[in-house]
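In what follows, a single structure is set out as structure tokens and then discussed.
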Amino acid sequence: MDQGTMTGKAPALETQQFNTVCEILRRNHNDPARLIPILQQVQKEYRYLPEEVLTFIATPLRLRPAQVYVVATFYSHFSLQPHGKYTIRLCDGTACHVRRSTGILNALYERLGVDEERKTTSDQLFTVETVSCLGACGLAPVMLVNEKVYGQVTPERALEIIEEIIAKETQA
């Protein structure tokens, strides 16, 4: 066991890639009981959970890499694949489905060049996901872009939202 692990501190690494992860671990006191918040913070930073980061996290938390991986794959909030800067979650619960959320999904897939298998655009700008429920059935069909809720969305409105984001990104 190296000295960093015995003292509960993350071992020093030569690479810049893990500096942010080390800081997240430090802020969480290398506490294995805080694994979920640690993974949430890492995912916020990277927009997904890279496999090498999951392996790295295990050591200072005194967990086996498989334990970290099980948690990361159990919760649907976590992703092992890169996500775009904008994550679009389209509700496909009963109320939204009945109000034709499938048409919205198809319009998004076509415009962004993604599908059920490849959910993130090649430029890493958008990720499109469906969810069982967003808890806003009165606004059905509902679409969430990062944390912003859009209600009573039509395929046309969904595409307008995408175009507004693209315009904002090209100006930045």
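For the stretch 68-153, chymotrypsin sites (Phe, Trp or Tyr not before Pro) meeting the loop criterion (DSSP other than H, G, I, E, B) and having at most 12 other Cβ atoms within 10 Å: Tyr75.
Using a probe of 1.4 angstrom, how much of the accessible area of the stretch 22-73 is carbon and sulfur, in percent? Here carbon and sulfur together make up 52 percent of the probe-accessible area. As a length-normalised measure over Cα pairs under 8 Å and 6 or more apart, the relative contact order of the chain settles at 18 percent. For the stretch 99-159, the share of accessible area belonging to carbon and sulfur comes to 48 percent (1.4 Å probe, ligands and nucleic acids excluded).
Accessible area per residue for the chain is 60 Å², calculated with a 1.4 Å probe on protein heavy atoms, without ligands, DNA or RNA.
Working note: Karplus 6.51/-1.76/1.60 with θ = phi - 60° gives the stretch 116-125 the couplings 4, 7, 10, 8, 10, 5, 5, 8, 6, 8 Hz, where Gly and Pro are set to x. Multiplying the residue separation of Ser76 and Val131 by 0.36 nm and subtracting their alpha-carbon distance yields 18.8 nm. Simple point charges give the picture: +1 on the Cβ of Lys and Arg, -1 on the Cβ of Asp and Glu, and for the stretch 112-159 a dipole about the Cα centre of about 180 debye.
Between the amide H of Val131 and those of Leu90, Cys91, Asp92, distances stay under 5 Å, these residues lying 5 or more places away or on another chain, with hydrogens modeled in the peptide plane.
Summarising the amide proton neighbourhood of Thr87: residues at separation of 5 or more, or on other chains, whose placed amide H is nearer than 5 Å comprise Thr127, Asn146. Measuring with a 1.4 angstrom probe and ignoring ligands and nucleic acids, His97 comes out at about 100 Å² accessible. Site pair Val98 and Arg118 shows an inter-label distance of 3.7 nm when each label is modelled 7 Å from Cα along Cα→Cβ.
Round to a whole angstrom and tell me the spacing of the C-alpha centers of the stretch 48-96 and the stretch 99-136. If you average the Cα positions of each part, the centres end up 19 Å apart. Restricting the GluC sites (Glu not before Pro) of the stretch 80-172 to loop positions (DSSP other than H, G, I, E, B) with no more than 15 neighbouring Cβ atoms within 10 Å leaves Glu116, Glu117, Glu147.
Which percentage, to the nearest 5, of the DSSP beta bridges contained in the chain is antiparallel?
Percentage antiparallel, nearest 5: 55.
Apply the a/c threshold of 1.5 to the C-alpha gyration tensor of the stretch 115-172 and tell me whether it is rounded, prolate or oblate. Judged from the Cα gyration tensor, the stretch 115-172 comes out oblate (a/c at least 1.5, b/c at or above a/b). How big is the antiparallel share of DSSP beta bridges in the stretch 64-152, given as a percent to the nearest 5? Close to 55 percent.
Shape class for the chain, computed from the alpha carbon gyration tensor (a ≥ b ≥ c): prolate, with a/c not under 1.5 and a/b above b/c.
The values are calculated or read from the model by the stated rules, or taken from the named source; none is laboratory data. Computed from a predicted model, the values in this text were never measured in an experiment. Neighbour counts run over all protein chains shown; Cβ positions are idealised from the backbone, glycine included. Surface areas here come from the heavy atoms of the whole protein model, side chains and all, with no ligands, DNA or RNA. Shrake-Rupley method; radii C 1.70, N 1.55, O 1.52, S 1.80 Å.
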